[in-house]
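Accompanying notes for the structure given below.
The values are calculated or read from the model by the stated rules, or taken from the named source; none is laboratory data. Source: prediction; values computed, not measured. No Cβ is skipped: glycine too gets one built from the backbone with ideal geometry, and neighbour counts run over all protein chains shown.
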Amino acid sequence: MGIQRRSRSLAVVVAVSAAVGLPGGHAVAQQQPVPTFAVDDSWPKVPEKYKLGDISSIAIDAQDNAYVLHRPRTLKAENAGSAAPPVVVFDANGNFIKAWGGPGAGYEWVEREHGIHIDHGGFAWIGGNQCPTSGTAGLMAVADDQLLKFSLDGKFVLQIGKSNQSKGDGDTANVHRAADAWVRANEVFVADGYGNHRVIVFDADTGAFKRTWGAFGKPPGGKDNCAISRLTEFAPGDGLPDFNVAHSIRVSNDGMVYLADRENRRVQMFTGDGKFVRQLRQTAAPFAANLAFAPDPEQKFLYVGGGKVITIVDRKTLDVLGQVQVEKQLGGGHHIATDSKGNLYIAATATGMQRLLFKGMSGASR
């Protein structure tokens with residue numbers, strides 16, 4: 001792929017060759033302006049009294065407050081007493097607001113915190129990916145087969161599924177180590193992807209099952225592995241028939257569903273009822289760990305994180321337009337998010353968290 005660096009300070013690497021194909025048969029788009037970024041060294045301001053474990057996910061609310069989901073039980077023993085609650089909230093300037101979450105009455109908190117999403121109604125959705133045979137110290141030997149809904153102050157609202165009760169990809173009552181969720185209208189779309197291999201949709205108010213599908217819009221299937229099945233060889237073509245860690249999900253304003261199939265290194269695009277539209281597959285390096293939309297009404301850009309970079313993709317065509325790779329960036333991240341100003345947030349598990357400030361479009365006059 002032809003690559004051009006505009007300057008050392010420019011935050012994006014832009015693809016300029018229109019003729020070269022990507023693994024999986026996708027062409028690189030013509031050069032066009034793309035978002036540029038720089039690391040915000042001042043974000044966030046964690047209170048001295050708190051220690052944070054592995055940062056798993058970040059979600060942004062309507063006021064651009066950042067809800068950081070971390071794993072308190074990953075802290076070393078000497079720091080465990082200073083562990084912040086699992087959800088830590090910062091305002092748009094990175095100042096601490098509040099913290100909440102953890103076990104409580106009326107619900108089953110997840111053993112291994114994984115994904116958080118703030119929906120348009122002002123509710124937080126949280127899932128986990130604990131496996132009962134993982135042997136992780138300090139965690140119960142159960143599967144996180146539940147999805148939790150809270151108010152933004154941490155008041156319990158709804159639990160879909162029950163801990164350790166999944167019966168597999170055909171189960172419509174439970175999830176199985178769900179990685180991510182996204183709400184559009186009155187439906188919650190779930191990347192049910194560590195134990196199961198599917199997208200599953202529930203009513204966002206009642207938790208009632210609506211529909212489900214697997215890779216390429218076919219019925220979901222695959223082997224339930226505790227250990228992640230990491231591929232080392234990738235055959236040409238479309239890839240394997242089932243999802244292999246459906247890790248991140250986003251639903252656009254026009255109702256299209258995007259699923260990051262992490263270990264298969266591909267993004268698949270569907271209609272809201274699960275009809276397969278197209279995919280972007282890049283197998284040369286880790287790809288499709290996470291997804292985020294640009295904040296404009298058309299959501300022109302889809303950000304796809306993986307490995308060391310965040311790839312900038314045309315949301316509608318899935319053509320690659322460039323990459324975000326700036327000095328001191330924490331790679332492609334575990335989960336990513338954007339705010340209303342176009343800033344990018346990276347949750348990078350053991351490496352920490354980071355905000356990349358939107359600096360304008362490449363090629364724009366300064």
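Restricted to segment 174-186, and to residues that are touching a Gly at 6+ places or on another chain (Cβ under 8 Å) and in a strand (DSSP E or B), which residue is farthest from Glu108 (Cα to Cα)?
Ranking the candidates gives Arg184 first.
Pairs needed: first member in segment 269-290, farther than 19 Å from Asp180 by Cβ; second member anywhere, basic (Lys, Arg); C-beta distance under 7 Å; at least 6 residues apart or different chains.
Correct list of pairs: Asp273/Arg211; Arg281/Arg265; Arg281/Arg266; Gln282/Arg265; Thr283/Arg265.
Mind telling me which of the residues Thr349, Thr283 ends up being over 17 Å from the mean Cα position of the chain (by Cα), β-branched (Val, Ile, Thr) and surrounded by fewer than 20 Cβ atoms within 10 Å (Cβ to Cβ)?
Within the list Thr349, Thr283, the selection yields Thr283.
Being closer than 21 Å to His117 by Cα and assigned to a strand (DSSP E or B) is the filter here, so list the residues in segment 45-63 that pass it.
The answer is Asp54, Ile55, Ser56, Ser57, Ile58, Ala59, Ile60.
The conditions are (1) crowded, with 16+ Cβ neighbours inside 10 Å; (2) within 20 Å of the chain's Cα centre (by Cα); (3) of a type in the set (A, V, I, L, M), and Ala185 fails exactly one of them. Which is it?
All conditions pass for Ala185, except number (1).
Being surrounded by fewer than 21 Cβ atoms within 10 Å (Cβ to Cβ), of a type outside the set (Gly, Ala, Ser) and touching a His at 6+ places or on another chain (Cβ under 9 Å): is that true of Asp319 here?
Answer is yes for this residue.
I need the strands (runs of 3 or more DSSP E) fully contained in segment 94-171, keeping only those with at least 3 residues that are in contact (Cβ under 8 Å) with a residue 24 or more places away in the chain and β-branched (Val, Ile, Thr).
In segment 94-171, no matching strands (runs of 3 or more DSSP E) lie anywhere.
Might you check whether a residue that is farther than 30 Å from Gly255 by Cβ and not in a strand (DSSP E or B) occurs anywhere in segment 304-316?
Checked against the condition, which is being farther than 30 Å from Gly255 by Cβ and not in a strand (DSSP E or B), segment 304-316 yields at least one hit.
Just to be sure I understand, how many residues within segment 48-82 are surrounded by fewer than 19 Cβ atoms within 10 Å (Cβ to Cβ) and either more than 17 Å from Gly154 (Cβ to Cβ) or more than 22 Å from the chain's Cα centre (by Cα) (or both)?
14
Quick one: in segment 242-262, which of the residues that are farther than 14 Å from Ala185 by Cβ and more than 14 Å from the chain's Cα centre (by Cα) is surrounded by the most Cβ atoms within 10 Å (Cβ to Cβ)?
Phe243
Does Ser151 fit the bill of being more than 19 Å from the chain's Cα centre (by Cα), on the phi < 0 side of the Ramachandran plot and modelled with pLDDT under 95?
Against the criterion (more than 19 Å from the chain's Cα centre (by Cα), on the phi < 0 side of the Ramachandran plot and modelled with pLDDT under 95), Ser151 does not qualify.
Quick test for you: out of Gly193, Gly161, pick the one residue that is crowded, with 24+ Cβ neighbours inside 10 Å, at pLDDT 95 or above, touching a helix residue (DSSP H, G or I) at 6+ places or on another chain (Cβ under 9 Å) and not hydroxyl-bearing (Ser, Thr, Tyr).
Gly193
Scan segment 299-338 for residues that are within 14 Å of the chain's Cα centre (by Cα) and in contact (Cβ under 8 Å) with a residue 40 or more places away in the chain and jot them down.
Leu302, Tyr303, Val304, Gly305, Gly306, Gly332, Gly333, His334, His335, Ile336, Ala337, Thr338
Give the residues of segment 196-228 that are among the charged types (D, E, K, R), part of a strand (DSSP E or B) and surrounded by fewer than 19 Cβ atoms within 10 Å (Cβ to Cβ), sorted by residue number.
Asp203, Lys210, Arg211
Would you check if there is a residue in segment 258-276 being hydroxyl-bearing (Ser, Thr, Tyr), more than 21 Å from His335 (Cβ to Cβ) and modelled with pLDDT of 95 or more?
So far as segment 258-276 goes, yes, one or more of its residues are hydroxyl-bearing (Ser, Thr, Tyr), more than 21 Å from His335 (Cβ to Cβ) and modelled with pLDDT of 95 or more.
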